[in-house]
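Right, one structure below, let's go through it.
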Amino acid sequence: MAVAFMSKASKVIRENSKDLRTLGTNFCSFLRGISVSILRLVQRLCNPRPSSDSGMESAMHLVLATSTDPDDIASTASLIPTILWSPNSNIGLHCWRLRDTFLACFDAEGRLRLSAGDRAVACGQALNFLCMIGLPIRDDSNTRTAFQQLRIWHQWRSVILPRSFDECKALACKLSTLSGREKERCRADIRTTLRMMIAAAGDGFISPDHDSIIWRGHFTWTGDSRTPADFTWLVDYLVSCSYDHTIMGDALLALSAMKGLGTRAQESVYLRTLISAMNSSSPRRLRYAALRAVLDSRLALADIDAIQDENIRQILLTEFSPALLTAIRPGHAAGHWEDDEPVVNFDYWRDDAYLRLMVALTSNKEWCNRLVADQHIEHCIYILNNLDENSPAPFHLAAIFGRVRSSSPDAGGAALEAVSADQFLVLVKLAWQAALDLKLYNEAECIAAFPAIVECAKQEDFSTADLEEIRKNVGLVMEKLKRRNNCSEITSSIQDYYTRLTRT
């Protein structure tokens with residue numbers, strides 16, 4: 001009945017004027033008040049995702065186009081993800097109002113206002129939904145400082161991510177109790193909720209399929225205390241959705257927050273799903289989502305000696321290692337490039353993820369030997385030959401080469417013969433410069449890699465002028481580390497290197 005009345009109200013609007021701006025102020029306010037009341041009633045009474053209805057759509061358009069009451073806008077926004085929109089609905093016309101209402105929930109310093117949490121959730125989820133269906137949302141980067149924007153998105157994620165994760169979990173656990181149309185509706189709701197959660201992981205309102213979500217999305221939040229057991233439902237859901245590459249990609253991105261292979265009972269099935277997702281026949285986004293999940297698990301994977309299950313250890317060394325290369329080089333394995341795979345010699349974020357993973361894995365001697373055997377060093381040399389000198393890549397490559405040279409002197413040394421003395425010189429100079437310019441001396445994994453940088457190249461291959469430049473930067477890094485006062489062993493190693501450079 002409410003929807004029917006809304007349809008009649010909509011008809012009155014259309015018959016009186018095709019342009020809302022020509023309506024009298026009093027008449028417009030009267031209709032808007034009716035629309036808001038009915039929308040709130042529908043919100044309470046309707047099942048999720050009622051069928052598309054022109055009356056409801058028109059009423060929502062009316063509120064969003066004319067209302068200045070943030071609560072009315074938020075009430076309308078909360079319905080946007082719950083209905084099936086008609087193809088010509090043009091709901092994207094109101095993105096700016098939803099965005100402005102969302103941003104008004106945060107004060108001048110970017111902090112969420114105490115009374116605005118529900119409004120932020122309603123408008124934010126509506127905007128995430130619109131991003132999910134492909135509508136671009138213009139940002140307001142010119143009106144706030146970078147710090148204010150980062151604080152807004154950080155607080156937004158801390159509100160919406162745990163809420164969305166719990167909602168997905170509740171729906172997934174409910175799925176097994178349903179059948180027929182109810183089960184299909186529940187599947188659709190899980191898919192939508194998970195996609196919106198992935199869209200909320202970025203610094204801004206961004207499509208969940210955008211590369212920035214894959215490589216720079218934040219899938220944890222302040223106070224996130226989840227354990228592997230909290231992800232068991234998501235691993236089960238991932239495995240059950242092998243027919244849907246989009247939702248598999250979303251699930252893998254969400255699972256990156258697990259930072260490991262999950263519970264003991266699920267390690268094997270999750271690892272094999274990761275390997276399958278990185279196969280050369282998988283779509284680009286799925287391969288990259290799997291690589292992101294692996295990247296965030298790198299510290300657990302690097303400590304292969306601590307993995308008790310021998311079967312898991314063997315899968316990692318014999319199947320997982322080669323799969324890492326196909327994840328970023330499918331054409332190399334399959335002899336062709338997929339249609340969605342741009343040929344890029346150096347992809348900043350993808351290659352940064354790969355190299356950080358390699359730095360972690362090469363900290364273990366057994367991994368070093370396997371990575372050399374599986375031609376990862378050859379791929380690192382390929383990256384070296386197409387290097388972005390302003391990226392962290394020189395530092396990571398120098399650390400990888402240094403660890404390989406120390407752990408696998410024969411096989412690693414043979415693989416590194418393809419790198420000339422001049423390339424080693426340039427790499428070492430860039431590595432120490434990157435440590436300063438990018439403040440890598442503040443990152444624990446990079447601090448642990450400094451001794452490997454020292455081992456990267458033979459200093460007798462350097463000229464006096466080159467040694468002086470390197471020595472200066474080594475000294476500056478050493479001073480930065482001394483101020484931290486919590487890495488004396490590393491600092492001592494660099495001090496010894498600095499002394500050797502001075503005596504040369």
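Descriptive notes on the structure:
- R0 of 56 Å, Cβ-Cβ distance Ser115-Lys365: FRET efficiency to nearest 0.05: 0.45
- Cross-link pairs beyond the 28 Å C-alpha cut-off, checked among Lys429/Lys480; Lys259/Lys482; Lys429/Lys482; Lys169/Lys259; Lys259/Lys439: Lys259/Lys482
- Probe 1.4 Å, accessible area per residue of the chain, Å²: 46
- Cα pair count fraction exceeding 21 Å, expressed as % - segment 362-440: 25
- Taking Cα atoms only, the orientation of helix 146-175 departs from the longest principal axis of the chain by about 70 degrees.
- Charge tally for Ile377 (other residues, Cβ to Cβ under 12 Å; Lys, Arg +1; Asp, Glu -1): 0.
- The orientation-averaged projected area of the convex hull spanned by the Cα atoms of segment 179-304 comes to 8.5 nm².
- Relative contact order computed over the chain (Cα-Cα under 8 Å; 6+ residues apart), in percent: 7
- Between 0 and 90°, nearest 10: helix 348-361 axis offset from the chain longest Cα axis: 50
- Considering segment 145-197, its Cα convex hull presents a mean projected area of 3.7 nm².
- In the complete set of protein chains, residue-level accessible area for His94 is approximately 20 Å², probe 1.4 angstrom.
- Whole-number D in µm²/s for segment 109-222 (Stokes-Einstein; Kirkwood sum over Cα pairs; 4 °C, 1.567 mPa s): 86
- Cα gyration tensor shape for segment 398-473, rounded if a/c is under 1.5, else prolate or oblate: oblate
- For the chain, the 222 nm mean residue ellipticity estimated from helices alone, with every DSSP H stretch of n ≥ 4 adding -39500 (n - 2.57) and the total spread over all residues, rounds to -20500 deg cm²/dmol.
- Kirkwood-type radius of segment 217-267, with distances r between different C-alpha atoms, in Å: 11.4
- For Phe106, the residues 5 or more places off, or on other chains, whose built amide H falls under 5 Å of its own are Arg113.
- Sites Asp107 and Ser240, calculated FRET efficiency, Cβ-Cβ separation with R0 51 Å, nearest 0.05: 0.75
- Convex hull of the chain built on C-alpha atoms - directionally averaged projected area, nm²: 27.7
- Computed in the context of the full set of protein chains, the accessible area of the chain at 1.4 Å probe radius has 50% of its extent on carbon or sulfur.
- Extension reserve of the Arg484-Leu178 stretch, reckoned as 0.36 nm per residue once the Cα distance is removed: 104.5 nm
- Across segment 444-496, the convex hull enclosing all Cα atoms gives 70 Å³ per residue.
- One chain, two ends: Thr464 and Glu310. Fully extended at 0.36 nm per residue, the span grows by 50.4 nm beyond their Cα-Cα distance.
- Helix 54-66 and the longest principal axis of the C-alpha atoms of the chain enclose an angle of approximately 70°.
- Segment 442-504: relative contact order in percent, alpha carbon pairs under 8 Å with at least 6 residues between: 44
- Here is the P(r) of segment 263-393: all C-alpha pair distances, binned every 5 Å from 0, give 2, 10, 21, 24, 22, 13, 6, 3, 0 in whole percents.
- For segment 465-477, backbone phi angles converted through the Karplus equation (6.51, -1.76, 1.60; θ = phi - 60°) give residue-by-residue couplings of 5, 5, 4, 5, 5, 5, 4, 4, 6, 4, x, 5, 5 Hz, Gly and Pro being listed as x.
- Label sites at Thr222 and Ser89, each approximated as a point 7 angstrom past Cα along Cα to Cβ, lie 3.3 nm apart.
- With contacts taken as Cα pairs under 8 Å and at least 6 residues apart, segment 163-256 reaches a relative contact order of 26 percent.
The values are calculated or read from the model by the stated rules, or taken from the named source; none is laboratory data. Keep in mind that what you see is a predicted model, and the values were worked out from it rather than measured. Every residue, glycine as well, gets a Cβ built from its backbone with ideal geometry; the counts of neighbours run over all protein chains shown. Remember, those area values only see protein heavy atoms, side chains included, never the ligands or the DNA or RNA. Shrake-Rupley method; radii C 1.70, N 1.55, O 1.52, S 1.80 Å.
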